[in-house]
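Data first, discussion second: the structure below is written as structure tokens.
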Amino acid sequence: MAKKTSSLHVLGVSVLLVLLCCVNYSLCEKIKTYKLTRGSLSVTFTNYGAVMTSLLLPDRHGKLDDVVLGFDTVDGYKNDTTYFGAIVGRVANRIGGAKFKLNGQLYKTDPNEGHNTLHGGTKGFSDVIWSVQNYVPTSHITFTYDSFDGEEGFPGNVTVKVTYMLIGENKLGVKMEAKPLNKPTPINLALHTYWNLHSHNSGDILSHKIQLLAGKITPVDDKLIPTGEITPITGTPYDFLEPREIGSRIHELPGGYDINYVIDGPIGKHLRKTAVVTEEVTGRKMELWTNQPGVQFYTSNMMTRVVGKGKAVYEKYGGLCLETQGFPDSVNHKNFPSQIVNPGESYLHVMVFRFTAH
């Protein structure tokens, strides 16, 4: 009798696990790492958060270095507060007051940064296990995730797909797609990679030169929530229309750069050149194109003694982020480009990085 009871108990647990998997498939997914390689360009990922964990590039002499900040193990990403290399969403950046109205209904999202929502909430897309739909080591990898109605307070079921692809010998493409299934919902995905073109463990990025092809910003309050204004940057410390060192005027800002730039040119299906970053010592150069209206330029101002890959200690200004995106808090500013996507419509976000060394 005891043996029979034990068997029934085991069967019950097994059935429960199967049901849980049916409800949330990601519970049954295994966390793995994946690598794309072509020529001298090599990029690695994990399906936890669809994170880009490393990117190896040659310098002008052919020496390879990892130029993205990150961790050696998946556990590092699970306990991460910096969003190293992750896909963030359902709505990247900040939602003021952790709430918004859509079609007359008030939605309250998870307030994980004071009274505001940051990068989708406490358990946004950066903290879920994605499925791998397609993987060709010399070409591309596609991650998928099914976001459920009410996840972190957002309405409706949404299917999400992210494809990282090697283009030619020196380009990396990133395609983020999403489709609402049953309700209108805001969608704004972003790739949160921290770059240091010298190498991930080489210190700060203040001597990197950057050009941002964006003549305006969306100013923020002391909680980094946009005021709703769109202002020109000419003559301010935010002006990178011509290439200059990141550290050249950073002392004029309270803590560093953490602002959304309005990318020049018409918004449409075509990609627009957005940023050019160069590092003099190694000769490495990174160019970025996107189809999005904005790019968040962030200089890791809040990073303090984060122990990363190879026991490297990442400090303030240790990396730079270029997060192409819709404008922050667009759900609460009618003058910003809308992030609302309706059932039957599709969200498409494309980034292309081009790497060279001279």
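Worth a mention:
- Search result, residues across segment 125-168 that are open to solvent by 20 Å² or more (accessible area, probe 1.4 Å) and among the polar types (S, T, N, Q): S131, Q133, N134, T138, S139, T144, N157, T159
- Condition met for G121 (more than 25 Å from F336 (Cα to Cα) and surrounded by 17 or more Cβ atoms within 10 Å (Cβ to Cβ)): no
- Number of the exception - S207 against (1) at pLDDT below 95; (2) small (G, A, S); (3) open to solvent by 50 Å² or more (accessible area, probe 1.4 Å): (1)
- Here is the figure for segment 178-197: residues that are outside any strand (DSSP E or B) and of a type in the set (K, R) total 1.
- Cβ-Cβ distances below 8 Å connect the following pairs, each with a first residue in segment 240-256 that is under 10 Å from K209 (Cα atoms), a second residue that is surrounded by 15 or more Cβ atoms within 10 Å (Cβ to Cβ) and charged (D, E, K, R), and a separation of six or more residues or different chains: P243/K209; R244/K209; E245/K209; I246/K209; G247/D204.
- Restricting attention to segment 51-103, the residues that are open to solvent by 50 Å² or more (accessible area, probe 1.4 Å) and of a type in the set (A, V, I, L, M, F, W, C) total 2.
Here's the yes/no breakdown for (1) in contact with a helix residue (DSSP H, G or I) (Cβ under 8 Å, 6 or more places away or on another chain); (2) under 19 Å from Q296 (Cβ atoms); (3) modelled with pLDDT under 95:
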position	(1), (2), (3)
I141	no, no, no
Y145	yes, no, no
F148	no, no, no
P155	no, no, no
V160	yes, no, no
K183	no, no, no
A190	no, yes, no
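- As for segment 65-78, it holds no residue that is without any contact (Cβ under 8 Å) to a residue 40 or more places away in the chain, part of a strand (DSSP E or B) and farther than 23 Å from P293 by Cα.
- Index of the failed condition, T324 passing every other in (1) open to solvent by 30 Å² or more (accessible area, probe 1.4 Å); (2) touching a residue at least 40 places away in the same chain (Cβ under 8 Å); (3) within 21 Å of the chain's Cα centre (by Cα): (1)
- Test for Y257: is it of a type in the set (F, W, Y), more than 23 Å from V88 (Cα to Cα) and surrounded by 17 or more Cβ atoms within 10 Å (Cβ to Cβ): no
- The listed residue being out of contact with any Pro (no Cβ under 8 Å at 6 or more places or on another chain), assigned to a loop (DSSP other than H, G, I, E, B) and touching a residue at least 12 places away in the same chain (Cβ under 8 Å), out of I205, I141: I205
The values are calculated or read from the model by the stated rules, or taken from the named source; none is laboratory data. As the structure is a computational prediction, the values presented were derived from the model and not from experiment. Every residue, glycine as well, gets a Cβ built from its backbone with ideal geometry; the counts of neighbours run over all protein chains shown. For the accessible areas, the whole protein counts, side chains as well, though only heavy atoms, and no ligand, DNA or RNA atoms are used. Shrake-Rupley method; radii C 1.70, N 1.55, O 1.52, S 1.80 Å.
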